[in-house]
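Enquirer: One structure follows; several queries about it will come next.
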Amino acid sequence: MKHFTLLFLTVLLATFAKAQTTATPPSGATVETWNAAFLYHYFNSSGSEQTENIAEEMDVAFDGSDVYFNLPNPITGNSWVKGTLSGNTATFARSQYIGTYSGSKAYLDAMGENGLCDLVLNYDSEKGIFSTDLYVLINSSLTEQSAWCYYTGFTVSKNSGGDGSDVNPDGTITPPASATQENWVLSCLNVNPNDESQTETVKETVKVAFSGSNIYIQGLSAYVPEAWIKGTINSSTATFATRQYMGTGYGYSVYTIGYNGTETDIVFNYDSEKGTLTTDTYILGISSSETLLQQLTNVTLTRQGGDDPVVVDEVVTPPSTLKTTEYVFKGSSIIYDTDGTIAGLKPVQWNVRVGFVGSKYVYIQGLCPYLPDAWVRGDMNSDGEVTFTRGQYFGEAITHQNFYFAGMIFNELSDVVLEWSSSTLTFTGGSYYMAINSQKNTLAPYDIYAGITITRIKDVAATPADPAVAEYQPYNSEASYGYARFEVPTQDVDGNAILMDKLSYRIYTEIGGVQEQYVFTPSFYQNLTEEMSTVPYMYADGWDFYRGGTFVSFYDSNNEFDKIGIQSVYNGGNQEHVSNIVWYDIKGGTEGIETATATEGVSVSYYDLQGRRATADAKGILLRVETLSDGTTRTTKLVRR
C-alpha cells in the first residue's frame, strides 16, 4: 500500500509539473516568421471593456503534423502553444498552460456558441493563412470562462517573401505608394443574407487604384470598408482572385469571394473609354467559418469625371464660422391608411438650429429626425422667401437607409419655400408640405409634414415637462454594464418649446427607502475628467452618454437599486426650475413609470455661506435652496471646484 501511494504521488507530481511547462518546438522544427492580426479585448481599471487592433509578427513552427504558435500574449508575455494539423484545420487543445500573471496561472482557451472548447483554425496552406471565428481567450481558470483578455478575428498569415510593396503584416493588401488612386462610384444591390427578398440600392464612393497591370478596389466590404482587394487588368477585363483576405471587422475574419452558382474569381468587364467596370458575378463577404456576411449583385463601378459620370450625393456642410440659435419646428405629420388615403394628422414638434449667412443663405440643422445632426441650406431673396431645393442629402443612417429633403405640392415633388418674418422670428411653409424622402428625384417619403412653422425659442424661465424612463436593463456581470434609456422632453409643462442648451437632467436612486442623487465619476466613466451629477441635455460622448439621455450606461452593480429616477432641470431666463422626479420600480418589476408623490419643485436659488445670492455655476461651497409648490423649501449643501 505504501509503495502504491508513493507511485501515485510520483505520477501526480510529474503530471502536475508537466502541466506547468509551456510547449516548445523541437530542435528540428522549421520556424518561420508569419503575421498575426486580431482585435484585442481587455478591461480597464474601472471594468470597462476596451479594444485595440493588433497586427504584429509571430513565429510559427512546423514539425510533421504538429504546428506551434508563439502566441502574442500581453498578460504573461509571448508563449508557445502546440496544435495538430489535419487537412485544412489546425487544432490547439484547450487549457494549455502559457505562463503566470500576478501569481495566477494563465491558459489558452477558445470559446464558441457552446462554451469553452479547443481552438480550431481553418488552414489554407496554399495561401498561407490560419483563421478562426472563435474567441481566443487568455484564461485564468481550467474549468470555466474567467478571461483576463480575449481576441476576435484571429488570423495568422504568411509573409509574402517578395518586396512587400502591397502586402501588409496582417496579410491584407494596400496599393503601392506609386499607384494612381481615383474616386469611383459603386452602384449595386445589397441583398440581405438572411432574407433575399430584402434588397437595398447602394450608391457610394469607393477608391480604385492602378499600378501597371495590377488594379485595386477599396470599399466593397461594409465590415472592413478600408480594405482593398487586388486584381489584374488588361484592355477589356479586370480579374480578382476569389477568397481574398480583407482583415477583421465586427469580430469576423472577412474574405471576399465571387459566386456564380459555385465559387469563382470576380471578373469585371472593363471599358477604359467610358470608365466603367461591370460584372454579373455575385460579390460575397464571408467569414473564415463560411458565414455569409454580405451579398452584392448587379455591381457597376463608374469613374467620377468620365464621359458619363455618376455623382455621389454629398451632405450639406455649413461654414465653420456659422452662428446658430435654437428654433422649434412645428407641423402635422400626415398619417396614411393601408389603402393610401389620409387617416389623420398628428401634431409634432422638435428643436432645430438655424443660422444665417448675411441675407443670402439660411442653414437649418435637425429637420430630419432620423439624422438630427444633418443640415439643409436655403437661398433667401429680398422679399424674405427662402427656397430649400429638393434632393438635398441628409445622409445615411446606421440602418443603411438614405434620407433626402423634399417638398410636396399636389402630390408632386417640389422645392420648399418658407416665408421669413423678422418681426416674429418665424418661418412659415404655407401650402408647402415637407417630406423626409428615400429617393433624390422620386417622391417616396418616409414622413410628410403639413402646416410647417419654425420659430425662434425665447430664453424665459419655465418648468420643464416630466421626463420618463423608456427602458431599464440592470447591471449584467457578463456584459460588465447596465443601461437605461430616458426620454427628456424639450417642452415645458404647458407644451412650449424650451432651449436644449439650457436643459439638463439628474438621475436618482432609491435603496431601502433612502433616495440619493446619482453621481457619475471618472473611475467608471472613461470620458469624464471630473464628477458629474447634472448631465447637460446635449452632452454625448458616443459611448456612455447619448444626447438627451437616450442611452446612459451604468457600470457599478445597480442590481441593488430598488428604484431609479430621473428629473429634468431647466435654467432658462437665468432661473433654475425642475420637473417632478419620475421613478421606475426595479425591485417590484413595474412595467412603466411611477411619478413621485413629493411636491413639485417650483424654483431653485443658490447662496454662498454669507447668504449672498449666487449663480448656478458659481464655485465653492453653496447652498442650493429649492422652493416647493406647497411653499416649503429644501436646502442642499454643494461643493463645486
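Enquirer: Calculate one ³J(HN,Hα) per residue across the stretch 203-217 by plugging θ = phi - 60° into the Karplus curve 6.51 cos²θ - 1.76 cosθ + 1.60, and present them in order as whole Hz with x for glycine and proline.
Expert: Here the 3J(HN,Hα) series is 8, 8, 6, 10, 10, 10, 10, 10, 8, x, 8, 9, 10, 10, 10 Hz.
Enquirer: Quick check: at a probe of 1.4 Å, how many percent of the accessible area of the stretch 459-542 sits on carbon and sulfur atoms?
Expert: 44 percent
Enquirer: Heavy-atom accessible area per residue, the stretch 99-216, 1.4 Å probe: how many Å²?
Expert: Value returned for the stretch 99-216: 48 Å² of accessible area per residue.
Enquirer: Using 0.36 nm per residue, how much length does the chain from ASN527 to ILE409 gain when fully extended, once their Cα-Cα distance is taken away?
Expert: 37.7 nm
Enquirer: Using 1/(1 + (r/R0)^6) with R0 = 22 angstrom and r between the beta carbons of PHE356 and VAL315, what's the FRET efficiency to the nearest 0.05?
Expert: Here the calculated transfer efficiency is 0.65.
Enquirer: Roughly how many Å² is the accessible area per residue of the stretch 368-457, as a whole number, for a 1.4 Å probe?
Expert: Per-residue value: 48 Å².
Enquirer: Then there is this: Rounded, prolate or oblate: pick one for the stretch 374-417, where a ≥ b ≥ c are the square roots of the eigenvalues of its C-alpha gyration tensor, a/c under 1.5 means rounded, and failing that, prolate if a/b is larger than b/c, else oblate.
Expert: Numbers: a/c = 4.77, a/b = 1.66, b/c = 2.88.
Because a/c hits 1.5 or more and a/b fails to exceed b/c, the stretch 374-417 counts as oblate.
Enquirer: Separate question: When the expected Rg is taken as 2.2 N^0.38 Å, what fraction or multiple of it is the alpha-carbon Rg of the stretch 376-522?
Expert: Details: Rg = 21.3 Å, N = 147, 2.2 N^0.38 = 14.7 Å.
The value comes to 1.45.
Enquirer: ILE511: net charge of surrounding residues, Cβ under 11 Å, Lys/Arg +1, Asp/Glu -1, itself excluded?
Expert: Numbers: positive: LYS563, LYS587; negative: GLU510, GLU516, GLU560, ASP562.
Surrounding charge for ILE511 is -2.
Enquirer: What are the residues whose amide H is under 5 Å from the amide H of PHE394, where those residues sit 5 or more places off or on another chain and H is modelled from the backbone?
Expert: PHE403, TYR404, PHE405
Enquirer: Quick check: net charge around ASN351, other residues with Cβ under 10 Å of its Cβ, Lys/Arg +1 and Asp/Glu -1? Write out the running numbers ahead of the final one.
Expert: On the way: positive: ARG353; negative: GLU326, ASP501.
Taking every other residue near ASN351 into account, the sum is -1.
Enquirer: Ranked highest first by the average count of other Cβ atoms within 10 Å around their residues, in what order do 34-41, 293-300, 233-240 fall?
Expert: 34-41, 293-300, 233-240
Enquirer: Under the 0.36 nm per residue contour assumption, what length would be gained going from the current alpha-carbon distance of THR341 and SER86 to full extension?
Expert: Stretched out fully, the THR341 to SER86 stretch lengthens by 85.3 nm.
Enquirer: Can you compute the modelled spin-label distance between SER423 and ASP124, with each label point 7 Å from Cα toward Cβ, in nm?
Expert: With each label point 7 Å from Cα toward Cβ, the separation is 7.3 nm.
Enquirer: A further question on this structure: At a 1.4 Å probe radius, carbon and sulfur cover how many percent of the accessible area of the stretch 264-390?
Expert: Numbers: 3040 of 6490 Å².
Answer for the stretch 264-390 is 47 percent, counting heavy atoms of protein chains only.
Enquirer: Round to the nearest 0.05 the FRET efficiency obtained for ARG485 and SER104 when R0 = 45 Å and r is the Cβ-Cβ distance.
Expert: Efficiency for this residue pair is about 0.75.
Enquirer: Distance between Cα centroids, the stretch 231-290 to the stretch 76-121: provide it in whole Å.
Expert: Distance between centres, Cα-based: 34 Å.
Enquirer: Based on the mean of other beta carbon atoms within 10 Å per residue, what is the order of 578-587, 268-277, most packed first?
Expert: 578-587, 268-277
Enquirer: What ranking, highest mean first, results for peptides 401-413, 243-255, 81-93 when packing means the other Cβ atoms within 10 Å averaged over each residue?
Expert: 243-255, 401-413, 81-93
Enquirer: Averaged per residue, what accessible area in Å² does the stretch 24-77 show with a 1.4 Å probe, protein chains only?
Expert: On the way: 2380 Å² over 54 residues.
Averaged over the residues of the stretch 24-77, the accessible area is 44 Å².
Enquirer: In addition: For a Förster distance of 45 Å, can you work out the FRET efficiency between the beta-carbons of PHE210 and LEU189, rounded to the nearest 0.05?
Expert: Numbers: r = 27 Å, r/R0 = 0.59.
The computed FRET efficiency comes out at 0.95.
Enquirer: Further, regarding this structure: Which whole-Hz couplings ³J(HN,Hα) result when phi for each residue of the stretch 121-127 is put into the Karplus expression 6.51 cos²θ - 1.76 cosθ + 1.60, θ = phi - 60°, listed in order with x for Gly and Pro?
Expert: Running phi through 6.51 cos²θ - 1.76 cosθ + 1.60 with θ = phi - 60° gives 10, 6, 10, 10, 5, 5, 8 Hz.
Enquirer: Quick query: amide H of ASP265 versus all other amide H atoms, modeled in the peptide plane; which residues come in under 5 Å with a sequence gap of 5 or more or a different chain?
Expert: THR242
Enquirer: Would you calculate the separation in nanometres between label points at THR264 and LEU292, each defined as 7 Å from the Cα along the Cα-to-beta-carbon direction?
Expert: 1.7 nm
Enquirer: What is the spin-label model distance, in nm, from GLU471 to THR33 if the labels are put 7 Å beyond Cα along the C-beta direction?
Expert: So the label points at GLU471 and THR33 sit 4.9 nm apart.
Enquirer: For TYR101, what residues show an amide H to amide H distance below 5 Å, using hydrogens built from the backbone and excluding near sequence neighbours?
Expert: Under 5 Å from the amide H of TYR101: ALA106.
Enquirer: Please work out how much length the chain gains when fully extended from SER272 to THR453, using 0.36 nm per residue of separation minus the C-alpha to C-alpha distance, in nm with one decimal.
Expert: Using 0.36 nm per residue and subtracting the Cα-Cα distance, I get 60.0 nm.
The values are calculated or read from the model by the stated rules, or taken from the named source; none is laboratory data. Note that the structure is a prediction, hence the values are computed from the model and not measured. Neighbour counts run over all protein chains shown; Cβ positions are idealised from the backbone, glycine included. With ligands, DNA and RNA removed, areas are computed over all heavy atoms of the protein, side chains included. Shrake-Rupley method; radii C 1.70, N 1.55, O 1.52, S 1.80 Å.
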